[in-house]
Amino acid sequence: MEILKLIHMLCAMLSISGFVGRGVLLATHSPVMQRKWIRIAPHVIDTLLLGTAIAMVVGLELSVLSTPWLLAKITALLVYIALGIVVMRGGKSPRLRIAAWLAAIVVFAYIVAVAVTKNPVFFLPA
């Protein structure tokens, strides 16, 4: 289980690093965005990220509905994906894309904080 967790964390770091980098490349209209590996690598990394997450949930026999922090992570992940779609494909204006990019980074930070604290409302006083 520890190796899965390590791979999962590595993929999470690679995923957010790539997302931030691609956001910068998009904002600067860099031709680097057209390189094939720039378009393929995120899918490979995110598939490994999701696969390790599923393997850990199954291996630890966690129930999503009775594990609030896990449900919060999954919900936040869906928001992160939606924001990523706006950034990479759907934003009508540069301002909207940048706002979605910043919001996605904040959501990712929330996901990491929930994973570390195992508390979906870690920011509230106990």
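For the reader, a short list of remarks on this structure follows.
- The set of residues in region 20-60 being within 17 Å of VAL107 (Cβ to Cβ) and at pLDDT below 95 consists of ARG22, GLY23, PRO42, ASP46, LEU49, LEU50, ALA53.
- Among the residues of region 84-101, those that are over 14 Å from the mean Cα position of the chain (by Cα), in a helix (DSSP H, G or I) and surrounded by fewer than 16 Cβ atoms within 10 Å (Cβ to Cβ) comprise ARG89, GLY90, PRO94, ARG95, LEU96, ILE98, ALA99.
- Picking from residues in region 36-71 that are hydroxyl-bearing (Ser, Thr, Tyr) and free of Cβ contacts under 8 Å to residues at least 12 places away in the same chain, the one that is nearest to LEU25 (Cα to Cα) is THR47.
- Residues that are of a type outside the set (D, E, K, R) and not in a helix (DSSP H, G or I), drawn from region 1-53: MET1, THR28, HIS29, SER30
- Residue match in region 70-83 (condition: under 20 Å from VAL20 (Cβ atoms), surrounded by 12 or more Cβ atoms within 10 Å (Cβ to Cβ), touching a Gly at 6+ places or on another chain (Cβ under 8 Å) and not hydroxyl-bearing (Ser, Thr, Tyr)): no
The values are calculated or read from the model by the stated rules, or taken from the named source; none is laboratory data. Every value quoted in this text rests on a predicted model; they were computed, and no experiment measured them. Using ideal geometry, Cβ is built from the backbone for each residue, glycine included, and neighbour counts are taken over all protein chains shown.
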